[in-house]
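The values are calculated or read from the model by the stated rules, or taken from the named source; none is laboratory data. What you see is a predicted model; the values in this text were computed from it and never measured. All Cβ positions, glycine included, derive from the backbone under ideal geometry; neighbour counts span all protein chains shown. We work out accessible area using only protein heavy atoms, side chains counted, and drop any ligands, DNA or RNA first. Shrake-Rupley method; radii C 1.70, N 1.55, O 1.52, S 1.80 Å.
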Amino acid sequence: MDFNMKKLASDAGVFFSRAVQFTEEKLGQAEKTELDAHFENLLAKADCTKNWTEKILHQTEVLLQPNPSVRVEEFLYEKLDRKVPSRVTNGELLAQYMVEAANDFGPGTPYGKTLFKVGETQKRLGGAERDFMHSASINFLNPLRNFLEGDWRTITKERRILENRRLDLDACKARLKKAKAAEAKASCEGDAVPDFQETRPRNYILSASASALWSDEVEKAEHELRVAQTEFDRQAELTRLLLEGISSTHVNHLRCLHEFVEAQATYYAQGYQYMLDLQKQLGSSKGEIFPGTFVGNAESTSPPPATTSPTTVSATIPVVPTVGRAPNPATAVEGALNLSDVKPPASGTRKARVLYDYEAADSSELALLADEVGICSLNSVHSVWHCCTIVLDQGLARPLGLATPQPFH
C-alpha cells in the first residue's frame, strides 16, 4: 500500500511538472526544445498519410456500399468479431424480380422471355459486382485499415511518449537554470566580507550554508537533466525509425492500389461483355430500332445549313413508322408498311409520295399534304431524320417530303 501511494505521488508530481512546463510554453514564459528539420518533415509526411488514408478508405467504402445503414451494421459485426451475414446485391435483387415477373407473365410471351433473359444477365452482373467488392475489400480496404489501426496507433503512442520526454527535458533545463541562478546569487552574498559591527555573524553563516545547499541542488538538477536527455534521445530515435517506415507504407499501398484497379477493370470488362451478349440475344445492336417503336431526333431537329439554288427548298423531315397510327384510307397502299422494310437511301434522287399531312413545327420544317408526289434529292443525316432538297415541278406550288420511295424514271 505504501509503495502504491509513493508511486501515485510520484506520478502526480511528474504530471504537475509537465503541466506547468506546457502552460509556460504556451504563454511564452519557457523555452521549448525544437526538433530538427528532417524530423519535422517526417512528422508532416506521417500526418498527411494518415489524413488522406482515412479519406480514401471512407470514400472507397461508400463506393462499394452506398447504404450507410449497411456500413454501420458491417462495422458493428467487425468490432464484435462476428461474421458479416451474406446479402444479395442490388443487381441480384433486380434479377430475382425480373425472373419472377417473367414466370408470372409467361416465359413463352415476348415480354416474359425478354424479362427472363435480362434477369439472367442482371444476375451475372450482380455476381461480378460481388466478386469485385470482395476483392477490393481484401486487397485494398484491409491494408488501409491495418495501417490506421496498427502502424498509425503505434506511431501515435510513441509520439505521445516523445512529447512527454520533451516536456520532462525542458522542465529539467528550467530547474537547472533556476538552481544555477540561485547558486550564483548565494555565492555573491557569501563572498562578501562580513562587517561584525553592522551585520550579525549568524546571517553570514546562513548565506554560506545556502550557497552550499544550492550547489547540491545544481548537481542534482544536472544529473536529472542528463537522465532526461538520454531518455529523450532514445525515444526520438525510436520515433524516427517508425516515421521513416511511412515510405514502405506508401509502397505497400501502391501495390494495393494496382490490385484495386485490376479488380475494377475486370469487373467493368465482365459487365460490358455480359451486356454485349444480352444485346445479341435480344437481336438489337447500335443503330437498329425495334419495330413499332417511335424514335425522335434527340440530337437536332434542324438540318445543317446547305447552299441551294433559288428553285429549291431545304428542310428536315422525320421518318415516322406507320405502326400505331392509322393511315389515311384514301392513301393506303396494299400490304402493311414495316419500318424494317423501309431503308431510305443514303443519297441520290428519288420520287416520293407523302403518306399523311404534316404541319411544320417551325421555319426549319416543311408543311406537307397527303398524296403529293414529287422529286427530291435526299441526303441522310440520321437513321430517322433526313435532309431533303425538294425540286419544285411546274404547276406545283408546295414542296414535297419523303414518303414511299419509288424508282426514279
Quiz item: Taking 0.36 nm per residue of separation and subtracting the Cα-Cα distance, what length does fully extending THR230 through PHE15 add?
Solution: 75.4 nm
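How would LEU141, LEU93, LEU241 rank on accessible area, largest to smallest, probe 1.4 Å? List each step's numbers first, then the result.
Working: LEU141 5, LEU93 60, LEU241 100 Å².
Sorted by accessible area, descending: LEU241, LEU93, LEU141.
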Quiz prompt | Computed accessible area, LEU27, all protein chains, 1.4 angstrom probe, square angstrom | solution = 110 Å²
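Give, as a single signed number, the net charge of other residues whose beta carbon lies under 14 Å from the beta carbon of VAL62, with Lys and Arg counted +1 and Asp and Glu -1. Let's see the in-between values first.
Working: positive: LYS55, ARG71; negative: GLU54, GLU61, GLU74.
Taking every other residue near VAL62 into account, the sum is -1.
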Quiz item: Which ³J(HN,Hα) values in Hz, rounded to whole numbers, follow from the phi angles of the stretch 219-236 under the Karplus curve 6.51 cos²θ - 1.76 cosθ + 1.60, where θ = phi - 60° and Gly and Pro get x?
Solution: 4, 5, 5, 5, 5, 4, 5, 5, 5, 5, 5, 5, 5, 5, 5, 5, 5, 5
Exercise. Compute, for LYS32, the solvent-accessible surface of its heavy atoms (probe 1.4 Å) with the complete set of protein chains present, and express it in square angstrom to the nearest 10.
Key: 110 Å²
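What value does the stretch 48-187 have for Rg/Rh, both radii from Cα atoms and Rh as Kirkwood defines it? Please report the intermediate quantities before stating the final value.
Details: Rg = 29.5 Å, Rh = 20.4 Å.
Computed over Cα atoms, the ratio is 1.45.
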Quiz item: What length, rounded to one decimal in nm, is gained on full extension from ASP277 through to ASP104, with 0.36 nm per residue of separation minus their alpha-carbon distance?
Solution: 59.8 nm
Quiz item: What FRET efficiency, computed as 1/(1 + (r/R0)^6) with R0 = 22 Å and r the Cβ-Cβ distance, is obtained for THR266 and GLU73, rounded to the nearest 0.05?
Solution: 0.20
Self-check item: In Å², nearest 10: area of TYR97 left accessible to a 1.4 Å probe
Solution: 130 Å²
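Write down the accessible area per residue of the stretch 1-139 in Å², having rolled a 1.4 Å probe over the full set of protein chains. List each step's numbers first, then the result.
On the way: 9710 Å² over 139 residues.
Result: 70 Å² of accessible area for each residue.
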Exercise. At a 1.4 Å probe radius, which order do ARG145, ARG160 fall into by accessible area, largest first?
Key: ARG160, ARG145
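Could you tell me the calculated FRET efficiency between ARG255 and ASP81, based on Cβ-Cβ distance and R0 = 25 angstrom, to the nearest 0.05? Before the final figure, lay out the partial values.
Numbers: r = 28 Å, r/R0 = 1.10.
Once the sixth-power term is evaluated, E becomes 0.35.
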Self-check item: VAL62-CYS188 FRET efficiency (beta carbon distance; Förster radius 45 Å; 0.05 resolution)
Solution: 0.05
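Within 14 Å, Cβ to Cβ, of ASN41, how many net charges do the neighbouring residues add up to if Lys/Arg are +1 and Asp/Glu are -1? Provide the component values of the computation, followed by the final result.
Working: positive: LYS45, ARG240; negative: GLU34, ASP36, GLU40, ASP47, GLU244.
After counting each charged neighbour, the total is -3.
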Quiz item: Distance in nm between label sites at SER247 and LYS177, each 7 Å beyond Cα in the beta-carbon direction?
Solution: 3.6 nm
